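Encoded as structure tokens, the structure appears first; notes follow it.
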Amino acid sequence: MSSAPPSYKGHRYPVEIISHCVWLYFRFPLSFREVEELMLERGVLVSYETVRRWCAKFGQAYADGLRPRRPRPGDRWHLDEVFIKINGDQKYLWRAVDQDGTVPGILVQSRRDTARPGVSSGAC
């Protein structure tokens, strides 16, 4: 099921500005006000409320377009265990790493399990 592309008809700003604002918001961990400040640095005066409305209207189409570009985890991976200190307390960091170096999952625990998470005790 494919949806029709969003219509920019009736908007005051050009398509390039709208799409760049929505892309900034969904691509990076930015707030609406931070997107407003970034656009102001580029000489474009747009309010954070306008960016919020654009993201509500056009955001799903952009988010759907960004998802397939994420690197896919490989079919072979291993589990790393790292000892770290956070505020002076020893913690255990578990991370899954595939053959390309992509990290699909991280877990931090305050105490160490006797068996690795996700691995049955019978097989190693």
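The values are calculated or read from the model by the stated rules, or taken from the named source; none is laboratory data. Note that this is a predicted model, so its numbers are computed, not measured. Cβ placement follows ideal geometry from the backbone for every residue including glycine, while neighbour counts extend to all protein chains displayed.
Could you look through region 73-91, keep only residues that are basic (K, R) and exposed (fewer than 10 other Cβ atoms within 10 Å of the Cβ), and pick out the one that is farthest from S110 (Cα to Cα)? Only one residue fits best here, namely R76. Within region 89-104, being modelled with pLDDT of 85 or more and farther than 12 Å from L79 by Cα holds for D89, Q90, K91, Y92.
If you go through region 32-67 and keep only what is part of a helix (DSSP H, G or I) and β-branched (V, I, T), you end up with V35, T50, V51.
Among the residues of region 72-96, those that are among the aliphatic types (A, V, I, L, M) and more than 18 Å from the chain's Cα centre (by Cα) comprise L79, V82, I84, I86, L93.
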